[in-house]
Amino acid sequence: MATIEIDGITKRFGEVQALAEVRLTVADGEFLALLGPSGCGKTTLLRIIAGLETQSAGRVRIGERDVSDLPPRKRGLAMVFQNYAVFPHLTVFENVAFGLRMAGASKERVTAQVEQAAALLHIEALLKRYPAQLSGGQRQRVAVARALAVEPAVLLMDEPLSNLDALLRLEMRAELKAVLEAAGTTTIYVTHDQTEAMGLADRIAVMQAGQVVQVGSPSDIYDRPKTRFVGGFVGSPPMNFLRLLVEDGTVTIGGLRLDAPAGAPSEVLLGLRAEDLTMTQDAAQGLPFELRVAELLGPHVLLTGTVAGQSMRAMVPAGTTSALLKPGTVLHLRPDRERMSWMNDEGIALEARP
Ligand code: ATP
C-alpha cells in the first residue's frame, strides 16, 4: 500500500510562511495534481514529501511508515524535478538504468525496463548519447524515463513536461497518464497549468498562499469552485463574477430576474462560466451584454464585453452570424441556471449545488 498522508505540514523560511498546516491524503494508485499560482508553496510541499526540505511542523506518512525524519533515499519514492538532474558522465541508457542498477536488477530486467521507458518517452534513438549532446526537452524526457524505469510505488513530479513543446507535451501527458494508471503508481504532480491538472489528475488539490483551498475531482473543481479564487484560477477563460444586490430574495440584471439561494446575504457574487451563456432574443431571459471584442477560437467565438458595467466573457458557437458580433452591439446572454455559482461578497461559495 502506498498511500501518502500529509498531516499538518507547516513550513517557514525565516519570516516567510510557505505552508500553513497542509492536510492531504493521496490514495493508493491515485494521481493527484497540486495546482496553484507561482509562489503558493507547491514545490516546497513536494520537496518536504521527498525529504529534500525539512518541515517546521507536521508529519508525512507513506503507506504504514512515518517517513518525516528519513532521508530521501529511505522514503521509497522516485522523483522528477523541474531541473531534471541527469548524470552528465553517463549515457542516456545508463541514466535511465541507474535506479535499476542501484536496486540490483538483473541485466535482462535492466535492458527490458530501459527499452520500455525509452520507447514511452521517444528517446530510443538517444540511448548512446551523453546529456551534453541533448536538448533541454530531451534531457527532461530522460529524467522522466529514469523515474518510470524503476516502476516506483510513489512518484513525485514537479512540472516534468515544462520544457517540451506544446504538441509533445500533449502526447507525453496522455502516455504518462496511461502508464502510471497501468502500473498503479501513486503520483503527486505539481503544476501551475490548470489544463494539465484537469487532463491528468484523478483529483486536484488547489493551493493558494501556502494552503490547500479545495480538493476534488477535476469536474468538481471546475463545476463547483468553493471560492472565487478557484473559479478564476481553473478554466480558460476564468469564471465570470458579477457583483449583485439581493432584494426580496432575487437579483435583477437588466430584464433578467434570478432567485438567489435561500439565506443569501444582501450582496452576492454570481459566478458564470463563459460556455454556460447562450445567446437569446428574449431580453427577459438574458443578461444585457455589451460586446467589445469577438475572437474566433476554432469551434467557438470568445466574446469580451460588459454586463451592467462589469466585465464578462462568453463562448458562443463559431457559426454565429457576424452581424451580431459587431463591437458595441448589445446581446442577450441566457445563463444556464443549473450551473451558476453563488458566493458571498468575499468570494466564498454559498451552497453546494446538486
Ligand atoms: P513556482 O510555481 O513558482 O515554482 P511554488 O508554488 O512551487 O511556485 P514554492 O517554491 O514552494 O512555490 O515557494 C513558496 C514560498 O516560499 C514562496 O513565497 C517562496 O518565495 C518561498 N521560498 C521557497 N523556498 C525558499 C527558501 N529556500 N528561502 C526562503 N523562501 C523560500
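The values are calculated or read from the model by the stated rules, or taken from the named source; none is laboratory data. These figures come from a predicted structure and were not determined experimentally. Reconstructed Cβ throughout: ideal geometry from the backbone, glycine too, with neighbour counts over all protein chains shown. Accessible surface is based on the protein model in full, side chains and every heavy atom, while ligands, DNA and RNA are left aside. Shrake-Rupley method; radii C 1.70, N 1.55, O 1.52, S 1.80 Å.
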Name the helices (runs of 4 or more DSSP H) wholly within the range 158-258 that hold at least 1 residues that are crowded, with 19+ Cβ neighbours inside 10 Å and touching a Phe, Trp or Tyr at 6+ places or on another chain (Cβ under 9 Å)? 166-183, 194-200, 228-233
Which is among the aliphatic types (A, V, I, L, M), within 26 Å of LEU34 (Cα to Cα) and touching a strand residue (DSSP E or B) at 6+ places or on another chain (Cβ under 9 Å), of MET157, MET172? MET157
Given (1) touching a Lys or Arg at 6+ places or on another chain (Cβ under 7 Å); (2) within 26 Å of GLU171 (Cβ to Cβ); (3) not hydrophobic (A, V, I, L, M, F, W, C), number of the condition LYS128 does not satisfy: (1)
In this structure, is VAL96 open to solvent by less than 20 Å² (accessible area, probe 1.4 Å), of a type outside the set (Gly, Ala, Ser) and more than 16 Å from the ligand (Cβ to nearest atom)? yes
Taking only the range 266-305 into account, find how many residues are small (Gly, Ala, Ser) and surrounded by 13 or more Cβ atoms within 10 Å (Cβ to Cβ). 6
Criterion: polar (S, T, N, Q), closer than 30 Å to VAL206 by Cα, assigned to a strand (DSSP E or B) and in contact with a Ser or Thr (Cβ under 8 Å, 6 or more places away or on another chain) - qualifying residue of THR278, THR304: THR304
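Table: residues versus (1) buried (at least 22 other Cβ atoms within 10 Å of the Cβ); (2) assigned to a loop (DSSP other than H, G, I, E, B); (3) modelled with pLDDT of 95 or more; (4) charged (D, E, K, R).
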| site | (1), (2), (3), (4) |
| --- | --- |
| LEU19 | yes, no, yes, no |
| ALA33 | yes, no, yes, no |
| ILE49 | yes, no, yes, no |
| ARG59 | no, no, yes, yes |
| MET79 | yes, no, no, no |
| GLN82 | no, yes, no, no |
Those residues of the range 2-15 which are more than 9 Å from the ligand (Cβ to nearest atom) and at positive phi, in sequence order: GLY8
Can you tell me how many residues within the range 1-38 are over 22 Å from LEU176 (Cβ atoms) and either in contact with a helix residue (DSSP H, G or I) (Cβ under 9 Å, 6 or more places away or on another chain) or without any contact (Cβ under 8 Å) to a residue 12 or more places away in the chain (or both)? 11
Taking the range 106-121, which residues are free of Cβ contacts under 8 Å to residues at least 40 places away in the same chain and either within 29 Å of GLY136 (Cβ to Cβ) or under 33 Å from the mean Cα position of the chain (by Cα) (or both)? VAL110, THR111, ALA112, GLN113, VAL114, GLU115, GLN116, ALA117, ALA118, ALA119
Among the residues of the range 50-60, is any in contact (Cβ under 8 Å) with a residue 60 or more places away in the chain and not hydrophobic (A, V, I, L, M, F, W, C)? no
Does PHE87 qualify as being in the same structural domain as ALA147 (by TED's automatic domain parsing), away from the ligand (no atom under 11 Å from the Cβ) and within 18 Å of ASP158 (Cα to Cα)? no
Those residues that are among the charged types (D, E, K, R) and near the ligand (Cβ under 7 Å from one of its atoms), I need them from the range 33-50; list them, please. LYS42
